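Take a look at the structure set out below.
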Amino acid sequence: MGKVIPYSDLARQHQLNFLAHKRRDYRERKDYLTGLRKLLFQVEGQMRQAELRQLQVFQDLAENLKLPLQFPSLGDRVALEEFFATNPFLLVLKDFLGERLSAEECLQRLEELRQEPTTPEGA
C-alpha cells in the first residue's frame, strides 16, 4: 500500500522547486547581461578610439595648414560637437573630407577665412 504524502509537504516541495527554477532563470539572465555589458564596453572603447583617430586627422590638418584652432577638451563631447558645428575652418575641412570640395577649393576657402577680420561678438 502506498504512503500518503501530506499536502503541506507537497506544497513545500513545490515552493522549493519554484525557487530553484527562478534562481536558475535569474542566473542565466544575469550572465547574459554581464556578457552584453562586456561586449558593449568593448564596442564603446573601439568607437572612442576611432573617434580619436578621426579627431587626429583634423588636428594634423590644422597644424599642417597653420589654422588657428584650439580644440576643446576631448572629454567634453558636447563642446566638441558644438565646435565642429560652428567653427568655420572645421566646416570647410569637413566639406573637403566629405568630398564636397576639391583640394583647390578647400585651400581657397581657408585662405579667405584667414583674411576675414575677426569682430568681437555682439558688435
| query | What number goes with the only condition from (1) open to solvent by less than 80 Å² (accessible area, probe 1.4 Å); (2) not in a helix (DSSP H, G or I) that residue 68 does not pass? | reply | (1)
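Taking the criterion of being part of a helix (DSSP H, G or I), in contact with a helix residue (DSSP H, G or I) (Cβ under 9 Å, 6 or more places away or on another chain) and open to solvent by 60 Å² or more (accessible area, probe 1.4 Å), would at least one residue in region 116-123 satisfy it? Even if it seems obvious, please write down each step before you answer.
Taking region 116-123 and keeping what is part of a helix (DSSP H, G or I), we get none.
Within region 116-123, none of the residues are part of a helix (DSSP H, G or I), in contact with a helix residue (DSSP H, G or I) (Cβ under 9 Å, 6 or more places away or on another chain) and open to solvent by 60 Å² or more (accessible area, probe 1.4 Å).
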| message | So residue 101 passes all but one of these: (1) outside any helix (DSSP H, G or I); (2) out of contact with any Asp or Glu (no Cβ under 7 Å at 6 or more places or on another chain). Which condition number does it fail? | response | (2)
| message | If I filter region 23-39 for residues that are surrounded by 10 or more Cβ atoms within 10 Å (Cβ to Cβ), part of a helix (DSSP H, G or I) and in contact (Cβ under 8 Å) with a residue 24 or more places away in the chain, do I get at least one hit? | response | no
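Looking at 57, 43, can you tell me which residue is surrounded by 10 or more Cβ atoms within 10 Å (Cβ to Cβ) and touching a residue at least 40 places away in the same chain (Cβ under 8 Å)?
One residue alone meets the criteria, 57.
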| Residue check, residue 48 open to solvent by 100 Å² or more (accessible area, probe 1.4 Å), closer than 30 Å to residue 81 by Cβ, at pLDDT below 95 and of a type outside the set (A, V, I, L, M) | no
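The values are calculated or read from the model by the stated rules, or taken from the named source; none is laboratory data. None of the values given here were measured: they were computed from a predicted structure. Methodologically, a virtual Cβ is constructed for each residue, glycine included, from the backbone with ideal geometry; neighbour enumeration extends over all protein chains shown. All accessible areas refer to the heavy atoms of the entire protein, side chains included, with ligands and DNA or RNA removed. Shrake-Rupley method; radii C 1.70, N 1.55, O 1.52, S 1.80 Å.
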